[in-house]
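Structure first, commentary second.
The values are calculated or read from the model by the stated rules, or taken from the named source; none is laboratory data. Given the structure is predicted, the values throughout are model-derived calculations rather than measurements. Neighbour counts run over all protein chains shown; Cβ positions are idealised from the backbone, glycine included.
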Amino acid sequence: MIFLLLIYAFILIINVPGLIKRKEWRDLTAFSILYVIAFALGLMYVLDIPIPSPMKGLQHLIVDILGIEYPQG
Amino acid sequence: MSIEKGKISSQQLLFLIAGFVLGSVLLIDFTVGITEQQTWMVILAALAITAPVILSYVVLAKRFAGMNLVQMNDMVYGRFLGKVVSTYYIFFFLMTLSFNIRDVGELYITFLMPDKPFIFLLVVFTAICAYAVTKGIEVLARVSHLFVVTGMFVIISTFILLIDQMDFSNFLPFFELPFIRIFQGIHIVSTIPFGETVAFLMIMGCLNKTEHAVKNTFFGLFIGVVSLLIVAVRNTAVLGRTQTIWTSTSFQTIRLIDIGTVLTRMDFLVGIAQTILIFFKCSLLFYVLVVALSQLFGLKSYLPLVLPLAGIEVIIAATVFQSPVDHAGITQNAGIIYSIPLIFVIPPLSLLIAKIRGLPKSERGKGT
Amino acid sequence: MGKKTNFSMMKLILCFFMLLTLAGCLSAREINDLEIVIGMGVDKDEKPGSILLTAQVVKEDTAGRAPGNGSGGDSKAFWNVSSRGNSIFDAVRQITHKTGNRLFISHNQAVVFGNDIAAEGLQEYIDFFLRAHEMRPTALILVAEDRASDVLNAKPETEKFPAFNIAKLVKTYVFTSYFYKVNMKDFASCLMSPTTAQLAPLVSSIPDEGNKDIYVSGMVAFKKGKMVGKLNHDEVRGLLWVLGKVKSGVIIVSSPNGQGKAVLEIIRAKSKVTPEIKDGKIVMHIKIKEESSLSEQTTTENLATDKAFEKIQEASAEVIRQEVMASFDKSKELNADIFGFGEMLHKKYNNEWKTLKNYWDEIYPTIELNIDVETKIIKTDLLKKPASSSEEEK
């Protein structure tokens with residue numbers, strides 16, 4: 001938990017001042033979006049909230065819905 | 001116009017590709033369970049199938065010299081569709097990178113450090129990859145020589161050390177397995193080590209001279225293929241029938257080295273080499289991912305995105321699969337199917353469209 | 001400028017910090033905390049379904065002392081700790097109740113299975129040894145004539161540890177070719193084949209002045225993991241002739257004049273086996289080539305002549321042929337494909353194999369052997385003629 005906060009604070013410190021100083025607003029927005037997503041995911045992981053796996057969804061899509069699958073074994 | 005200011009030479013491209021393919025050396029374990037003693041054939045067949053596709057990548061890169069994949073997509077498919085295609089690619093890079101990071105974690109957890117918490121390993125590994133990426137492609141290109149030489153040294157020396165334990169009759173009978181399994185094996189090998197070189201479409205834009213790109217790409221690919229073949233042959237010859245039951249065939253093979261009671265327990269050697277090679281592959285994939293994403297957003301530099309993406313990647317790598325069993329199962333099915341369009345269809349299609357429409361014109365436009 | 005050095009300083013400090021912490025001590029196990037296991041034995045316990053696991057553990061403080069330093073009494077450098085459990089992994093963990101530390105089985109030289117376990121079937125018990133990440137596939141596998149724990153207890157003369165002794169004994173097969181060493185991976189490979197019978201060396205003990213001495217008395221054949229029979233020295237050597245695994249050994253034939261023996265030392269031997277399916281019958285063509293040297297003779301007649309050589313070569317070829325046939329007959333009696341003929345057929349006649357392998361038990365006894373042996377005596381060591389006063393030599 002603490003690790004998580006420390007790491008994300010660290011990331012913030014390294015990146016944000018430079019971006020603000022150079023007035024790179026677009027970069028800053030992109031950074032913020034990804035930062036929030038990363039932080040949310042990290043938080044979910046630490047708090048043991050199950051994170052849906054994209055591959056499971058893909059597997060479901062391809063195998064069950066489209067029916068394309070290699071035979072097992 | 002491009003984000004990356006660095007330039008790489010053609011020869012560095014050779015080693016980059018060789019190192020990238022070498023990074024997948026342990027990943028042929030996915031196919032060994034399916035294709036057993038015919039794995040070497042599968043590798044050769046996959047090479048034959050992917051060679052023309054990879055050729056199309058290089059020709060595409062030469063045509064759109066200096067541009068990377070996202071820019072190419074924009075030009076070929078128009079603003080909106082191009083961005084959609086690029087997003088598809090970015091998803092692919094994101095997922096593939098997380099698989100590879102997870103692979104390293106699984107390697108350590110199963111063999112080398114079974115008691116350590118998984119996520120810790122992932123965080124450390126990803127952090128180092130992120131650091132490598134912030135240094136830029138030029139640095140990666142410069143160290144590629146070293147990594148490739150190290151990898152090849154380990155592969156060749158382990159092969160030589162095991163010669164007395166090899167039994168070449170283990171390759172018989174040829175053509176025993178039903179074709180569908182061979183087909184699946186070919187599919188896996190053409191996607192995982194070879195098809196992932198589609199990532200290089202992002203990197204080839206940095207070539208300073210594109211004349212020898214084709215030659216160097218194929219030479220690099222050749223080095224990668226030869227290494228994979230040596231590993232596959234070594235594993236099959238030594239382990240024979242048992243190769244399908246081990247979690248990691250390469251590790252078990254190395255454990256059998258027992259020469260003069262001095263050269264034993266060499267599996268650390270494979271561990272080191274594999275870690276270095278996967279690190280290289282992950283750094284490249286990470287670089288490609290970051291640059292692609294920042295190109296898509298139209299940013300000035302890709303640096304700010306590195307760390308948040310690293311954070312996302314770690315969590316995805318930690319949660320996407322439940323266990324190596326899951327990982328193998330999904331990779332052998334959905335994993336290779338969803339990437340078919342990206343690897344086999346879209347680049348040749350882009351090339352075709354570009355040829356037809358005479359792109360790139362010196363003035364940007366969709367047929368002005 | 002100042003900012004730059006400040007940043008570099010920070011990086012340096014960070015690196016230093018990382019050096020200290022990242023040295024990976026998270027799950028380090030110090031040597032004192034390790035119980036180094038060098039041999040393991042598995043027996044059946046009185047309770048059904050339970051097994052007795054014996055682990056030979058090194059005692060570090062006495063291991064450093066030179067052997068034979070017996071002034072302090074009978075201090076063994078090892079101890080055999082045993083525990084009961086319902087599965088091997090269970091028993092392994094239960095041992096920690098006695099040792100206080102987890103077992104470290106990376107140095108395990110050999111795994112000995114007791115007679116009762118072998119008779120019941122090894123398939124259930126072998127999984128742990130293959131799957132455990134600390135085990136090495138180079139560890140040897142052996143079967144004890146009686147209880148594995150006895151074998152591990154036998155005190156060796158020249159080695160400090162019985163387990164090392166056992167491993168050394170098995171590796172001496174090269175000198176006589178009366179058995180051969182089987183490691184975990186080979187055994188697993190045979191288990192995975194639908195037709196091949198597995199083999200493992202058999203360790204017996206003979207009482208010798210109150211101490212039990214152990215020696216390898218032959219090999220044991222398994223079918224589907226269950227022990228089915230024993231092979232004695234000659235039968236094993238017959239098997240090894242066919243497999244081309246004979247490294248050295250002794251062949252004794254009677255000398256041509258009938259008055260003594262000629263003893264040959266095998267220098268090298270090769271074999272080539274070609275399966276053939278002819279008229280619905282399976283014939284194995286075995287071609288054995290062997291080179292030996294005349295190492296001992298007990299008659300006074302000089303055997304180092306071409307004529308004598310020819311006769312001795314023929315006699316030794318006959319011995320080899322008989323050993324092979326003995327081995328084959330035994331395998332037919334046990335109906336166990338110890339030669340791996342099944343797999344050879346598999347490699348050559350893949351299509352027929354698909355049907356044959358289901359009836360292998362019926363087919364195996366009908367296999368015919370076509371043995372062709374070629375022997376050559378290529379030297380006579382240091383004597384040209386025997387040390388005897390013989391009047392025929394003129």
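Values as computed for the structure displayed
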read-out	value
Residues located in region B:295-307, provided they are surrounded by 24 or more Cβ atoms within 10 Å (Cβ to Cβ) and either under 22 Å from B:LEU22 (Cβ atoms) or at the interface with chain A (Cβ under 7 Å from one of its Cβ atoms) (or both)	B:PRO304, B:LEU305, B:LEU307
Residue check for C:GLU291: under 23 Å from the mean Cα position of the chain (by Cα) and modelled with pLDDT of 85 or more	no
Criterion violated by B:GLY185 - all others in (1) under 19 Å from B:SER24 (Cα atoms); (2) buried (at least 22 other Cβ atoms within 10 Å of the Cβ); (3) away from chain A (no Cβ under 14 Å) satisfied	(3)
Hits in region C:181-205 - residues which are crowded, with 22+ Cβ neighbours inside 10 Å, more than 10 Å from chain B (Cβ to nearest Cβ) and of a type outside the set (Val, Ile, Thr)	C:ALA197, C:GLN198, C:LEU199, C:ALA200, C:PRO201, C:LEU202
Among residues of region C:221-235, those that are touching an Asp or Glu at 6+ places or on another chain (Cβ under 9 Å) and within 16 Å of C:PHE339 (Cβ to Cβ), counted	4
Subset of region B:158-184 (residues that are out of contact with any helix residue (DSSP H, G or I) (no Cβ under 8 Å at 6 or more places or on another chain) and closer than 12 Å to B:ARG234 by Cβ)	B:ILE160, B:LEU161, B:ILE163
Region C:242-253, residues that are surrounded by fewer than 19 Cβ atoms within 10 Å (Cβ to Cβ) and part of a strand (DSSP E or B)	C:VAL250, C:ILE252, C:VAL253
Matching entry among B:THR244, B:THR249, B:THR236 (being within 13 Å of chain C (Cβ to nearest Cβ), out of contact with any Cys (no Cβ under 8 Å at 6 or more places or on another chain) and surrounded by fewer than 20 Cβ atoms within 10 Å (Cβ to Cβ))	B:THR244
Check on B:LEU277, within 12 Å of another protein chain (Cβ to nearest Cβ) and not acidic (Asp, Glu)	no
Members of region B:62-82 found to be basic (Lys, Arg) and surrounded by 16 or more Cβ atoms within 10 Å (Cβ to Cβ), listed by number	B:ARG63
Single residue of region C:338-379 satisfying the filter (more than 21 Å from B:PHE171 (Cα to Cα), crowded, with 17+ Cβ neighbours inside 10 Å and not aliphatic (A, V, I, L, M)) that is modelled with the highest pLDDT	C:THR375
Subset of region C:254-307 [assigned to a loop (DSSP other than H, G, I, E, B) and among the small types (Gly, Ala, Ser)]	C:SER255, C:GLY258, C:GLY260, C:GLY280, C:ALA304
Tabulated pairs, region B:344-360, first closer than 22 Å to B:THR191 by Cα, second at pLDDT below 85 and of a type in the set (Lys, Arg), C-beta under 8 angstrom, 6+ apart or interchain	B:LEU351/B:ARG63
Selection count where residues are closer than 14 Å to B:PHE99 by Cα and outside any helix (DSSP H, G or I), scope region B:327-342	1
Residue check, B:PHE286 closer than 19 Å to B:ILE90 by Cβ, aromatic (Phe, Trp, Tyr) and modelled with pLDDT of 85 or more	yes
Residue in region B:318-325 that is in contact (Cβ under 8 Å) with a residue 12 or more places away in the chain, assigned to a helix (DSSP H, G or I) and within 13 Å of chain A (Cβ to nearest Cβ) present	yes
Any chance B:ASN216 is touching a Ser or Thr at 6+ places or on another chain (Cβ under 6 Å) and over 27 Å from B:ILE90 (Cα atoms)	no
Which listed residue is closer than 21 Å to C:LEU34 by Cα, in contact with a helix residue (DSSP H, G or I) (Cβ under 6 Å, 6 or more places away or on another chain) and surrounded by fewer than 20 Cβ atoms within 10 Å (Cβ to Cβ), from C:PHE89, C:PHE104	C:PHE89
Checking B:LEU94 against (1) within 23 Å of B:MET204 (Cβ to Cβ); (2) surrounded by fewer than 17 Cβ atoms within 10 Å (Cβ to Cβ); (3) of a type in the set (A, V, I, L, M, F, W, C); (4) within 14 Å of another protein chain (Cβ to nearest Cβ), the condition it does not meet	(2)
Criterion (modelled with pLDDT of 80 or more and over 18 Å from B:PHE99 (Cβ atoms)) met by exactly one of A:LEU47, A:LEU66	A:LEU47
Residue count, region B:196-242 (criterion: charged (D, E, K, R) and assigned to a helix (DSSP H, G or I))	4
Looking only at region A:51-63, and only at residues there that are outside any helix (DSSP H, G or I) and within 8 Å of chain B (Cβ to nearest Cβ), the one that is farthest from B:ASP326 (Cα to Cα)	A:ILE51
Complete set of residues in region B:40-61 that are of a type in the set (S, T, N, Q) and surrounded by fewer than 22 Cβ atoms within 10 Å (Cβ to Cβ)	B:SER56
Given (1) away from chain C (no Cβ under 14 Å); (2) assigned to a helix (DSSP H, G or I); (3) more than 30 Å from B:LEU172 (Cβ to Cβ), index of the condition B:ALA65 fails	(2)
Complete set of residues in region A:4-42 that are of a type in the set (Phe, Trp, Tyr) and either touching a strand residue (DSSP E or B) at 6+ places or on another chain (Cβ under 9 Å) or more than 8 Å from every other protein chain (Cβ to nearest Cβ) (or both)	A:PHE10, A:TRP25
Given (1) away from chain B (no Cβ under 14 Å); (2) in contact with a Ser or Thr (Cβ under 6 Å, 6 or more places away or on another chain); (3) among the acidic types (Asp, Glu), number of the condition C:GLU134 does not satisfy	(1)
Out of B:PHE179, B:PHE222, sole residue that is within 19 Å of B:LEU55 (Cβ to Cβ), among the aromatic types (Phe, Trp, Tyr) and surrounded by fewer than 23 Cβ atoms within 10 Å (Cβ to Cβ)	B:PHE222
Qualifying residue in region C:58-65 (condition: at pLDDT below 60, under 32 Å from the mean Cα position of the chain (by Cα) and not in a helix (DSSP H, G or I))	yes
Single unsatisfied condition, B:ASN100 versus (1) part of a helix (DSSP H, G or I); (2) within 11 Å of another protein chain (Cβ to nearest Cβ)	(2)
Which numbered condition B:VAL288 misses (of (1) surrounded by 21 or more Cβ atoms within 10 Å (Cβ to Cβ); (2) within 13 Å of chain A (Cβ to nearest Cβ); (3) β-branched (Val, Ile, Thr))	(2)
